[in-house]
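What follows is one structure encoded as structure tokens, with my remarks underneath.
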Amino acid sequence: MLNTNELKAAMVRKGLTQKDVADSLNISAKTLSNRISRGVFGSDEIECLMKLLDITDPMPIFFAKAVT
């Protein structure tokens, strides 16, 4: 399960908008919004997000036990 609050917080810490992140993933902002809402990202996207947002431990964000 995706911890949306932590993912959004990571974007804010880096000063990035959802559009900036979507552009980095080569997807539309609407697609990113849908993936965040559904909590579904591919492994390649998770890897890209980790690099982009300087996430060292993906477990609390992308594999959270409870949805926030």
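Structure data summary
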read-out: Members of segment 20-42 that are of a type in the set (A, V, I, L, M) and in a helix (DSSP H, G or I); value: Val21, Ala22, Leu25, Ala29, Leu32, Ile36
read-out: Residue within segment 43-61 that is among the β-branched types (Val, Ile, Thr), assigned to a helix (DSSP H, G or I) and open to solvent by 70 Å² or more (accessible area, probe 1.4 Å) present; value: no
read-out: Subset of segment 19-42 [within 21 Å of Phe63 (Cβ to Cβ) and open to solvent by 60 Å² or more (accessible area, probe 1.4 Å)]; value: Arg35, Ser37, Arg38, Val40
read-out: Every pair of residues 6+ apart whose Cβ atoms lie under 7 Å, when the first sits in segment 8-27 and is free of Cβ contacts under 8 Å to residues at least 40 places away in the same chain and closer than 15 Å to Cys48 by Cα while the second is of a type in the set (Ser, Thr, Tyr) and part of a loop (DSSP other than H, G, I, E, B); value: Ala22/Ser28
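The values are calculated or read from the model by the stated rules, or taken from the named source; none is laboratory data. This one's a predicted model, so the numbers in the text were calculated from it and none came from an experiment. All Cβ positions, even for glycine, are placed from backbone atoms using ideal geometry, and neighbour counts span all protein chains on display. Only protein heavy atoms, including side chains, enter the accessible area calculation; ligands, DNA and RNA are left aside. Shrake-Rupley method; radii C 1.70, N 1.55, O 1.52, S 1.80 Å.
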